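Shown next, in structure tokens, is the structure this report addresses.
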């Protein structure tokens with residue numbers, strides 16, 4: 001415990017650890033503090049990735065170099081289960097131990113679960129809400145701890161440090177860490193009162209690179225609840241913990257408590273799903289920890305917290321205009337009394353870089369609820385960065401196996417209904433069923449035709465990742481990465497593209513990805529193909545010239561042309577952009593969306609101009625089948641000098657376009673001879689051969 005003592009005396013900070021979930025819980029806080037993680041430790045050295053080589057001895061004593069085969073982590077994605085995450089019951093149990101820490105001043109601790117962060121991870125400071133324990137991220141420690149260095153602020157129950165002093169403590173830590181790593185951002189995650197403190201620190205330090213994540217910020221709650229609640233508390237007896245125990249007849253150590261503990265553990269072990277299961281688990285968790293809640297919120301502490309809240313609100317609202325930090329506000333959909341629409345609009349006007357994310361099904365404490373994954377939200381909003389700004393290549397975090405499973409489950413209906421057929425071409429030109437012909441080593445540039453609304457992406461990206469451990473980084477319209485507020489389109493629908501590795505399309509993005517030896521997915525026709533009009537099925541809308549050939553040759557990338565057909569088998573366009581422009585209301589929407597997209601792409605000539613941004617009106621059909629044809633990879637290695645010549649590059653560009661058209665033409669003809677093109681024959685085949693059986697197709 002010498003480390004903690006030195007840190008406390010030097011910085012006013014104390015490094016402690018939350019308990020290991022596999023360790024049996026102890027009732028004494030001192031047992032939890034035996035494993036200390038120093039908050040001033042440097043980032044651990046990077047672990048070597050990819051294939052490792054080890055030395056072994058053969059029978060003659062000679063040293064042999066053996067390559068270790070790396071297993072595809074996504075090969076068994078269907079069996080992936082959710083990450084083990086602590087529950088509300090765990091929060092209350094660990095809070096019970098924190099309540100016995102003997103008081104003292106506010107201090108930082110870093111959970112042991114957060115000890116495996118990657119090299120260069122930014123610092124994340126968690127500022128607690130009204131409970132003050134600092135355990136509000138308990139459900140997120142493990143996953144966030146892989147990409148952040150996490151410190152949590154613990155404010156003991158008996159502490160009466162005023163808001164301005166808490167701000168100074170946080171500010172001191174921020175300045176110290178900024179001086180150590182000036183090129184890394186510092187994340188402040190604040191919940192309710194903690195959100196006010198985070199804004200206050202940001203307002204006082206506009207020149208420090210901060211990123212704020214504010215969860216249900218309590219910046220306007222005082223007008224609605226603080227005065228009535230203060231009055232009610234003043235008339236309550238002082239012994240609130242004893243009163244709660246008497247009312248509910250529950251005391252720690254009683255037989256009833258033991259029975260409720262057993263029931264709570266049973267619900268947790270059975271992992272009962274849905275809203276009802278979650279509510280039951282939470283009900284049992286609260287009922288078994290009423291004494292803990294009583295000690296966490298005695299009357300004098302609650303009264304003090306209300307005064308703390310009032311002063312924090314007054315302070316932050318007095319200089320919120322000084323905040324320059326990028327900000328993400330997370331709002332619970334079922335807790336509307338905290339902020340109304342006017343407050344949100346005020347934030348969007350006042351804070352220069354602010355996005356609002358609504359958690360539709362969440363209540364007062366979303367970070368402790370099953371349906372909220374903070375790490376996933378940070379990925380989906382492109383809010384994670386290690387440097388001055390977010391880099392879609394270097395700051396990208398690969399999806400976990402469970403995140404991939406969630407994406408596949410969300411798209412299960414489409415995939416099952418269309419039974420995709422994937423064909424690839426071997427190096428000798430042989431066409432085979434499956435993905436055997438795809439190059440395993442990057443850099444590789446996949447260039448193809450874009451189906452209506454990008455339906456082709458759904459089965460292709462996940463299947464290639466699952467079968468070949470090849471992660472396609474798709475180049476998408478920059479509008480997909482804008483966290484727009486108050487639009488007719490819910491931007492959450494674009495989350496999957498960002499989580500699965502989408503990158504805003506540009507020549508520079510292609511350059512950076514190929515430089516990193518990535519597998520890059522490019523649709524030269526862009527949104528013009530993905531939002532084509534009636535009668536334009538399978539027509540390529542490529543620009544006359546493109547730079548992707550010369551960029552590919554610079555890094556010796558293979559170019560894989562491919563075609564896809566089948567979207568006309570599942571829907572028919574009945575209202576395209578030409579039709580919508582004849583309807584006044586829809587015309588305005590099309591023009592607004594197109595103008596917004598044009599502003600985003602201003603000065604970028606890598607795609608066709610004048611592309612209408614709209615959502616076509618479609619009528620579904622009985623689902624047909626999707627077909628994918630990956631052509632023979634085209635080598636560019638050793639041709640950089642040759643392809644610097646614009647005419648030579650143009651010849652190869654036209655060759656790639658021609659091969660994509662040939663792939664599409666081949667599939668259009670061959671699908672006519674597929675006995676299982678239509679839904680009913682496929683259903684009958686699976687009924688007799690099993691749901692997991694591969695459905696045959698046409699002869700190659």
Given that compact globular proteins tend to follow 2.2 N^0.38 Å, what is the ratio of the alpha-carbon Rg of region 171-222 to that value?
-> 1.16
Cα gyration tensor of region 434-562 diagonalised, 5x eigenvalues square-rooted, in angstrom largest first, produces semi-axes 23, 17, 16
Ellipsoid semi-axes in whole angstrom, largest first, where each is sqrt(5λ) of the Cα gyration tensor of region 538-577 | 32, 14, 6
Label-point gap, in nm, between residue 533 and residue 159 - each point 7 angstrom along Cα→Cβ | 6.5
A student applying the Cα gyration tensor rule (rounded when a/c is under 1.5; otherwise prolate if a/b is larger than b/c, oblate if not) would label region 297-366 oblate
Determine the equivalent ellipsoid of region 383-490 by diagonalising the alpha-carbon gyration tensor, then write out the semi-axes as square roots of 5 times the eigenvalues, largest first, rounded to whole Å.
-> 28, 19, 14
For region 346-403, rounded, prolate or oblate, judged on the Cα gyration tensor with a ≥ b ≥ c (square roots of eigenvalues), a/c < 1.5 rounded, else prolate if a/b > b/c?
-> oblate
Let a ≥ b ≥ c be the square roots of the eigenvalues of the Cα gyration tensor of region 66-160; is it rounded (a/c under 1.5), or, if not, prolate (a/b larger than b/c) or oblate?
-> prolate
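Here, each number is a calculation from the coordinates, and none is a lab measurement. All of these numbers come straight from a predicted model, not from anything done at the bench. Neighbour counts run over all protein chains shown; Cβ positions are idealised from the backbone, glycine included.
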